[in-house]
Every structure is written in structure tokens, then in C-alpha cells.
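Student: For reference, the structure I am asking about is given below.
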Amino acid sequence: MTTVSDQQTAASTRSQRAATTASTPRRSLLDRRGAAVVGGLLLPALLLLGWQLVTTTGLVLAYKLPTPASVWAAAVDLASNGDLYLYTAISTQRVLLGFAIGSALGLVVGAVVGLSRLGDVLLSTTLGAIRAVPSLAWVPLLILWLKIGEESKITLIAIGAFFPVYTTVSAALRHVDPHLVEAGRVYGLRGVSLLTGVQLPAVLPSVVSGLRLALAQSWLFLVAAELIASSMGLGFLLVDSGNNGRVDRMILAIVMLALMGKLTDALIGLLERRVLRRWT
Amino acid sequence: MSAATALPVTITGVRRAFPVPASRGGRADRASRSVRRGTTGGTVPAERIVLDQVDLTVEPGEIVAVIGPSGCGKSTLLRLLGGLDTPSAGTLRIGDQIVTGTDTRTAIGFQEPRLLPWRTVAQNVALGLPRGTPRSERATRVAELLELVGLTASADLRPRQISGGMAQRVSLARALARRPGVLLLDEPFGALDALTRLRMQEELLRVHAARPTTVLLVTHDVEEALYLADRVVALRTVSDGEHSPVSDVAPSVVRVLDVPGARPRDRADARLAELRVELLEGLGVVTHHVSGASEPYPAI
Ligand SMILES: Nc1ncnc2c1ncn2[C@@H]1O[C@H](COP(=O)(O)OP(=O)(O)OP(=O)(O)O)[C@@H](O)[C@H]1O
Ligand SMILES: [Mg+2]
């Protein structure tokens with residue numbers, strides 16, 4: 001077998017050069033990532049400082065905004081009887097369950113609508129109308145149908161998680177490069193193998209960003225569910241403390257929601273980075 | 001081992017017309033695009049005829065080059081043969097089966113590389129391997145093909161990390177991986193530099209000699225057509241897209257030329273040089289400063 005040897009050596013020196021040049025930016029990138037973490041924490045630190053200043057100088061009265069120390073004390077207090085842990089855990093469980101169910105359904109229905117003309121015609125109008133219903137409007141109905149238990153909350157969160165995934169997946173599948181789909185067909189892929197071999201990999205980045213949106217939406221819908229009907233959870237803590245005038249606990253609930261939302265989002269961000277690295 | 005042998009291709013009376021997209025203009029514009037008035041008084045929507053009255057038989061193992069001006073329907077013809085498109089009239093046969101859809105016995109090397117961006121170069125080539133190639137054989141076949149197109153060192157790169165010419169060679173390797181009965185190549189060497197191009201031509205001929213397969217090769221390069229092919233088919237543009245009353249359209253194939261001599265040919269062969277001038281003039285290219293006033297192929 002004859003080879004195109006000088007071309008190969010050209011290609012290999014090129015890739016070596018690429019490797020050596022790639023290693024230098026990677027170092028500076030790592031540095032920049034460290035800088036990004038510090039930079040990202042800068043604003044929260046400033047906010048905390050500002051908070052401390054306005055509350056200790058009496059610029060804002062304590063019944064409107066308690067000091068950071070008293071919020072911390074409220075946290076320690078709630079943690080000591082286990083409520084803080086319980087509320088955070090139950091809220092997170094609801095979000096994760098609702099998110100899993102909603103995004104799985106969103107993936108399946110999005111695939112049906114994105115891939116089949118019939119599915120599109122039959123479903124997309126109805127789903128568009130359902131999506132237009134504001135989240136709070138579902139709450140009384142879900143309570144009536146599913147009682148005040150876990151089911152009604154998880155269903156509401158699933159509705160919230162469903163739509164971002166459904167929308168991004170169906171739109172992305174509709175716009176998969178037809179050239180690639182044809183190439184897949186020419187090389188013997190059809191039906192399920194075409195879906196797993198070309199269409200799904202092609203939309204993977206959109207699926208992950210849809211999941212990320214869905215997770216954010218899940219936390220949103222969690223609070224909607226817990227604000228109105230619950231006896232546990234961070235949303236309940238928020239309303240209950242509001243009714244009892246415990247501003248420190250309200251702020252604690254908000255901080256916990258921010259932390260948990262950011263934490264789960266960071267986990268999906270990790271997944272996204274892995275997927276995109278494999279993809280490109 | 002798949003026993004794909006070279007298959008004959010028979011094209012009879014093929015026409016492909018595309019509907020003219022609905023105009024954005026007003027009524028006057030729409031009227032001008034409606035060609036025939038039906039007997040009932042309604043208008044028949046205008047269509048753009050791209051290929052008409054194509055008749056061509058390709059023997060098993062033959063290499064046929066297809067040339068013609070840009071937009072004359074060369075890619076359309078290959079898409080029809082590959083089962084990616086259906087003719088408006090006429091039939092295409094591969095072996096003795098009429099083409100109705102994509103077929104495992106044909107492989108297409110598209111005009112664009114069309115590599116899957118999430119797969120490595122090697123994995124893209126592996127896509128072309130026939131179903132049921134034993135696992136042990138897959139890696140060696142892919143390695144062989146990558147060596148053939150000179151991309152062994154790039155096996156693990158992703159499509160976005162390679163050049164346009166490299167991508168085109170990956171696409172060629174993917175098509176060859178299939179060991180097809182009919183190989184349809186749409187300008188496979190278009191993006192290559194002159195030297196690589198000559199090498200790839202030799203490789204194609206070598207693969208063809210080792211394992212005969214029927215090849216239809218679209219090219220813009222008349223010299224390449226004459227060097228590689230047993231016959232050269234010249235197509236013309238049959239309709240400019242405005243008005244194309246069906247009865248006025250002349251056949252797409254203007255000329256079928258038997259290339260003299262057997263492969264491997266001498267690139268400096270005087271007969272080929274003459275044929276080259278003849279074909280170029282047929283395509284409307286003036287090859288001498290003192291034009292011999294040679295008539296181009298009759299245009300419509
Ligand atoms: N799906 C389609 N719908 C409408 N018109 C089309 C379609 N596909 C091709 N055409 C038209 O058919 C004509 C021929 O296209 P084709 O791609 O076969 O040309 P070609 O001979 O391969 O040109 P080139 O040498 O530039 O690649 C073009 O004018 C194009 O506009
Ligand atoms: Mg073309």
C-alpha cells in the first residue's frame with residue numbers, strides 16, 4: 001500500500017505543533033478559571049459587607065432587614081432542631097423528582113414533535129396553549145385533583161421542567177442539518193439508528209441547555225407550590241416566617257434557595273462541559 | 001466479507017423538475033411564473049426543469065465522468081442514483097432493481113464532506129463500513145483507508161480540527177469503506193491542492209483496479225475526467241428557471257465521449273489534450289486567443 005508519507009509527516013508535525021501551542025493557553029485558562037471563581041465571589045462579599053454596614057449603622061431598621069449575624073443565628077437555631085435540614089432536603093427532593101419526570105417527558109414529546117410532521121401538527125398547538133398558562137394558575141386545580149400531598153407539588157414542578165426541555169428539543173431536532181441526516185441515511189442509518197446516530201448527538205448541546213433552563217424553572221415552580229400549600233420546605237419557611245414576622249428566617253430561606261439553585265445548576269454545568277468537550 | 005461486485009447502472013428517460021417557489025411579488029409576477037394554462041382555465045404552477053430525458057447505461061466496473069456547467073444538475077443526478085431524491089419521470093436502475101430509496105449497494109461521496117462533527121476522523125470513516133463488518137476487522141479497515149488518503153496521523157481529530165481538503169479525503173475514505181457496487185463521487189477532489197489531487201486520483205484508480213466497482217464521478221476538471229474515466233458525459237443547463245415550457249426542453253446529455261486508450265493513461269497524451277480542448281469548447285470556454293469560432297453545444 002503506497003502512502004502519502006510526506007503529507008503524513010506534515011500532518012503529524014502540524015498536530016505536534018498544535019499540541020505544544022495548546023498546552024500554553026491551557027495554563028493561562030486555568031489561571032483565568034481561578035480568577036473567575038474569585039471574581040464571582042467578589043460581588044456577594046461586597047453585598048454582605050454593605051448589608052452589615054447598613055444594618056449596624058441603623059440606616060435600615062432591623063424589623064425590615066436584620067443583621068447578617070442574626071440571620072446566621074436563625075440558621076443555627078433552625079439547624080439545631082433539624083428543621084433547616086428537613087426543609088432543604090424535602091424541597092430539593094421535590095425539585096429533583098419533578099425535574100426528572102418533567103424533563104424526561106419533555107425529551108420524549110419534544111422528539112415526537114420535532115421529528116414527525118404528524119406529531120407536530122397534532123401536539124404543538126395544544127402544548128403551546130398549555131405553556132401559556134401561568135404557573136400559579138395550576139395550583140388550585142392540582143390541589144383539588146391531587147390533594148395537598150407530594151403529588152400536586154411534584155406535578156407542578158414537572159410541568160415547569162417539561163416546557164424548556166420540550167421547546168428546545170423539538171426546535172433543535174427540527175433544525176438538525178439535513179445534510180448530516182442524508183449522510184446518515186446513505187450510510188445505512190434509519191429509524192432508531194438514525195435517531196441515536198445522528199439526530200440525538202446533533203441536538204445534545206441544545207438538550208443540555210434545555211435541561212439547565214428546566215432546572216431553574218423547577219426551583220421557580222417549587223416555590224409557587226410551597227408558597228400556597230405545604231407544611232414543609234423552603235417555600236413554606238418563607239411564607240410561615242412572613243406570617244410570624246420572622247424576617248431573619250425569610251432571608252435565610254431566600255439564601256438557601258439561592259445556594260441550592262446555584263449548586264444544582266453547577267452540577268448541570270459540569271455535565272454540559274463534559275458533553276460539549278466530547279461534542280466538539 | 002461482503003461480496004459487493006460492480007453493478008450496472010441504467011438510467012432511462014429521467015426528468016427532475018422542481019416547483020418554482022411561490023413568488024413574493026404581486027399578481028403580475030405570479031402570472032408570469034405560471035407556464036401552461038390548463039384547459040379548464042386554471043394555471044399550472046411553473047416548474048423548473050433541472051434534468052430532462054437523461055438516458056445512460058453504465059457497464060459494471062466502468063468509470064464514467066460527468067461534467068457540465070455549475071447548476072446543470074450533476075449533483076441532482078447523483079442524488080437520484082443514491083435514492084435521496086425521486087425523479088419526476090423515468091427510472092433509474094442499479095443492477096436490475098429500480099432505485100426507490102437509499103441502498104446499501106451504493107455509496108455517495110457528497111460535494112460537501114458532511115462529516116459528523118461529534119465523531120473523530122476514524123469514527124467518521126467507520127460509519128461507511130458495511131453493516132456486519134466483524135469488530136476485529138473494523139479497526140484494520142479504517143486504518144487502511146486512513147493510510148490510503150494520507151490521514152493516519154489525524155485519526156483522532158474532530159472534523160472542526162482538520163482542513164477542508166482533509167475533510168474531503170475523510171469523506172472519500174468513508175465512501176470507499178462501503179466497498180459499494182456503485183460509487184457515486186461528487187467532485188471528490190475539488191478542495192485539494194494540485195499535488196494531493198493527482199495522488200488521490202492515483203489512489204482511486206488503484207482501489208478501482210484492486211476491487212472493480214462502477215464509478216460515477218462528477219468533476220469540474222476536464223483533464224481529470226479524461227484521465228480517470230472510460231467515458232465522459234457532458235450535461236447542459238436545460239432551463240434558466242424563468243419560463244420552461246416542457247415541449248421546448250432539450251435533453252440534458254449533450255455528449256457522451258469514449259475516452260481512447262486504457263488506464264493508466266499518459267497525462268501528456270496528445271489525443272487527450274485535443275479532446276480536452278474539444279470538451280472545454282463544448283462547455284463554452286474559449287481555449288485559444290484566435291478563436292476558431294467553434295460552435296458551443298447548441299444552447300436553448
Ligand atoms: N431541492 C431543490 N429544490 C429546488 N431546486 C433545486 C433543488 N435541488 C437542486 N435544485 C436546483 O437544481 C439545479 C441543479 O442543482 P445541482 O446541485 O444538481 O447542480 P450541479 O450541477 O451539481 O452544480 P455544481 O457544479 O455547482 O455543484 C440548481 O439550479 C438548483 O437550484
Ligand atoms: Mg453539485
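The values are calculated or read from the model by the stated rules, or taken from the named source; none is laboratory data. These numbers were taken from a predicted model, which means no experiment stands behind them. Positions of Cβ are backbone-derived with ideal geometry, glycine not excepted, and every protein chain shown enters the neighbour counts.
Student: I'd like the residue in segment A:180-203 that is surrounded by fewer than 22 Cβ atoms within 10 Å (Cβ to Cβ) and outside any helix (DSSP H, G or I) and, out of all such residues, is farthest from the other protein chains (Cβ to nearest Cβ).
Tutor: Of everything passing the filter in segment A:180-203, A:191 is farthest from the other protein chains (Cβ to nearest Cβ).
Condition check ((1) surrounded by 14 or more Cβ atoms within 10 Å (Cβ to Cβ); (2) modelled with pLDDT under 90) across all residues:
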site: B:231; (1), (2): yes, no
site: B:237; (1), (2): yes, yes
site: B:241; (1), (2): yes, yes
site: B:245; (1), (2): no, yes
site: B:250; (1), (2): yes, yes
site: B:259; (1), (2): yes, no
site: B:262; (1), (2): no, yes
site: B:280; (1), (2): yes, yes
site: B:291; (1), (2): no, yes
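Student: Specify which of the listed residues (B:114, B:79) is closer than 27 Å to residue B:254 by Cβ, of a type in the set (Lys, Arg) and either at pLDDT 95 or above or within 16 Å of ligand 1 (Cβ to nearest atom) (or both).
Tutor: Every option except B:79 fails the conditions.
Student: For residue B:171, work out the one condition from (1) within 12 Å of chain A (Cβ to nearest Cβ); (2) within 16 Å of ligand 1 (Cβ to nearest atom); (3) farther than 15 Å from residue B:149 by Cα it doesn't fulfil.
Tutor: (3)
Student: Next up: Whether any residue in segment A:167-179 is within 14 Å of another protein chain (Cβ to nearest Cβ) and assigned to a loop (DSSP other than H, G, I, E, B) is what I want to check.
Tutor: yes
Student: If you don't mind, another one. Take residues that are within 16 Å of ligand 2 (Cβ to nearest atom) and within 25 Å of residue B:13 (Cβ to Cβ) and tell me which of the strands (runs of 3 or more DSSP E) falling wholly in segment B:60-134 contain 1 or more.
Tutor: Passing ranges, in order: B:63-67, B:106-109.
Student: Give the residue, chosen from A:27, A:14, A:32, that is surrounded by 11 or more Cβ atoms within 10 Å (Cβ to Cβ), modelled with pLDDT under 80 and either more than 14 Å from chain B (Cβ to nearest Cβ) or within 29 Å of the chain's Cα centre (by Cα) (or both).
Tutor: Numbers: A:27 fails: surrounded by 11 or more Cβ atoms within 10 Å (Cβ to Cβ); A:14 fails: either more than 14 Å from chain B (Cβ to nearest Cβ) or within 29 Å of the chain's Cα centre (by Cα) (or both).
Exactly one of A:27, A:14, A:32 is surrounded by 11 or more Cβ atoms within 10 Å (Cβ to Cβ), modelled with pLDDT under 80 and either more than 14 Å from chain B (Cβ to nearest Cβ) or within 29 Å of the chain's Cα centre (by Cα) (or both), namely A:32.
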